[in-house]
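The values are calculated or read from the model by the stated rules, or taken from the named source; none is laboratory data. All of these numbers come straight from a predicted model, not from anything done at the bench. Reconstructed Cβ throughout: ideal geometry from the backbone, glycine too, with neighbour counts over all protein chains shown. Accessible surface is based on the protein model in full, side chains and every heavy atom, while ligands, DNA and RNA are left aside. Shrake-Rupley method; radii C 1.70, N 1.55, O 1.52, S 1.80 Å.
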Amino acid sequence: MARLTGRRIVLGITGSISAYKAAEVVRGLIQEEADVRVTMTKEAMHFIGPMTFTALTGHPVAIEQFPSHGQPGEEHIDLTIWADVIAVVPATGNIIGKMANGLADDLLSTVLLACDVPCCLAPAMNFRMLGNPAVQANMDVLRKRGYHIIESAYGPLANGEIGEGRLADPDQIVEAIAILADSRRDLAGRRVLISAGPTVEPIDPVRFITNRSSGKMGFSIARMAAQRGASVTLITGPTNQPDPYGVTVERVKSAEDMHQTVFHHLDGQDAVIMVAAVADYRPKQTADHKIKKGASTLILEMERTRDILKEIAQNKPPVLVGFAVETHEGLQYAKQKLIDKNLDLIVYNDITVEGAGFDADTNIVTLLHRDGREEVLPKQLKIEIADRIMDEVVALLHTQETVLS
Ligand SMILES: Cc1cc2nc3c(=O)[nH]c(=O)nc-3n(C[C@H](O)[C@H](O)[C@H](O)COP(=O)(O)O)c2cc1C
């Protein structure tokens with residue numbers, strides 16, 4: 001699913017060494033089917049040429065406040081009226097200062113002064129500039145006025161130094177813009193807890209038992225819940241998925257860690273969606289030293305882990321959603337799990353079917369409702385399935401409120 005189909009994004013580019021990364025952001029936005037228009041400061045053009053953005057977006061790049069050719073217009077107002085979201089990527093210390101103080105001495109700063117749509121900015125500068133109290137104070141002013149700051153990262157900077165101030169990852173910037181551009185805020189004010197990924201159960205200091213869960217489904221659900229306005233906590237076992245933008249992420253290892261962390265965050269959640277593939281059994285003992293090769297067979301004694309979903313159900317949050325991943329006769333098992341664990345919804349998937357399963361970007365699932373409804377969703381991207389599941393969560397929350405009132 002493209003997340004920005006038909007949404008109109010104005011991207012303002014300023015004179016940072018990381019301006020070339022704006023091209024990657026534009027590409028990401030276009031992949032999500034956004035209509036993108038670019039405006040650049042004159043200083044930005046020292047770092048990357050406008051031709052790149054004209055080619056990527058199919059629109060001329062707006063640079064001049066007072067163009068020497070053609071009709072003088074009010075491009076600063078036209079761009080603001082056209083945009084659903086305005087993003088400044090990268091944002092220099094200079095533009096941040098101008099925005100905080102209401103200055104408008106070129107096209108981009110004038111567009112920003114006229115801006116009355118959601119606006120985000122991704123600062124990028126050397127850590128010395130970022131640490132300057134003036135820059136920090138300006139960013140505080142902008143935060144208080146409702147601008148969304150996509151925080152810069154720690155890492156290697158342009159001059160080879162290491163520190164804060166690196167432009168956020170382009171994927172994260174696209175994600176942040178997608179969140180701002182989604183006009184559905186049907187989970188605003190809601191708290192959603194999601195578990196994802198596998199767990200890892202140690203056998204000895206070098207070996208462990210785990211499973212094939214990639215975390216992609218749970219991370220997709222976290223992204224969609226955040227995009228629709230929820231305050232999201234994601235508790236994940238080991239996976240290489242990056243933190244979704246705007247989501248509180250807790251990374252855990254074993255089933256026991258997962259249990260503790262889930263219960264630590266459980267209070268006050270409106271919806272709990274348990275996607276993690278938590279180990280059912282773990283080695284009864286973890287050896288202190290690496291187990292040496294010896295006899296021709298080795299028997300590991302395993303014990304049951306705690307059943308997190310069942311324990312949550314004993315003090316059920318308003319909405320509780322489970323997943324059932326099976327390889328045979330799973331539908332029957334999933335129906336039983338829905339009842340046994342007192343769930344509102346269970347998402348069943350048979351990972352033996354092509355296009356479904358752990359590491360794929362797509363999945364084929366069946367939604368099983370408490371009232372007996374069964375909906376088979378066609379093969380689609382995990383992010384699309386996540387959006388569909390969030391539709392159900394919104395409906396369930398709404399139904400419960402209607403029943404209670
Ligand atoms: C090589 C070079 C790299 C620069 N990188 C940055 C940067 O990453 N962040 C920043 O805030 N300023 C940076 N500057 C300084 C800005 O380009 C300068 O403040 C400029 O006036 C910003 O103009 P603008 O905000 O209108 O684009 C850099 C300057 C040079 C010469």
**Request:** Pick out the one residue from 246, 215 that is of a type outside the set (A, V, I, L, M) and open to solvent by less than 20 Å² (accessible area, probe 1.4 Å).
**Result:** 215
**Asked** Within the range 73-85, can one find any residue that is under 26 Å from the mean Cα position of the chain (by Cα), surrounded by 12 or more Cβ atoms within 10 Å (Cβ to Cβ) and near the ligand (Cβ under 10 Å from one of its atoms)?
**Response** no
**Fill in**
Of (1) open to solvent by 70 Å² or more (accessible area, probe 1.4 Å); (2) in contact (Cβ under 8 Å) with a residue 24 or more places away in the chain; (3) not charged (D, E, K, R), residue 295 fails just (2)
**Fill in**
Picked from the range 30-46 (must be in a loop (DSSP other than H, G, I, E, B) and open to solvent by 30 Å² or more (accessible area, probe 1.4 Å)), the residue nearest to residue 92 (Cα to Cα) is 43
**Asked** Within the range 249-273, restricting attention to residues that are among the aliphatic types (A, V, I, L, M) and open to solvent by 20 Å² or more (accessible area, probe 1.4 Å), which residue is nearest to residue 311 (Cα to Cα)?
**Response** 266
**Request:** Check 131, 97, 165 and return the single one that is farther than 23 Å from residue 9 by Cβ, surrounded by 21 or more Cβ atoms within 10 Å (Cβ to Cβ) and within 14 Å of the ligand (Cβ to nearest atom).
**Result:** 165
**Fill in**
Subset of the range 100-111, residues within 12 Å of the ligand (Cβ to nearest atom) and open to solvent by less than 10 Å² (accessible area, probe 1.4 Å), comes to 107, 108, 109
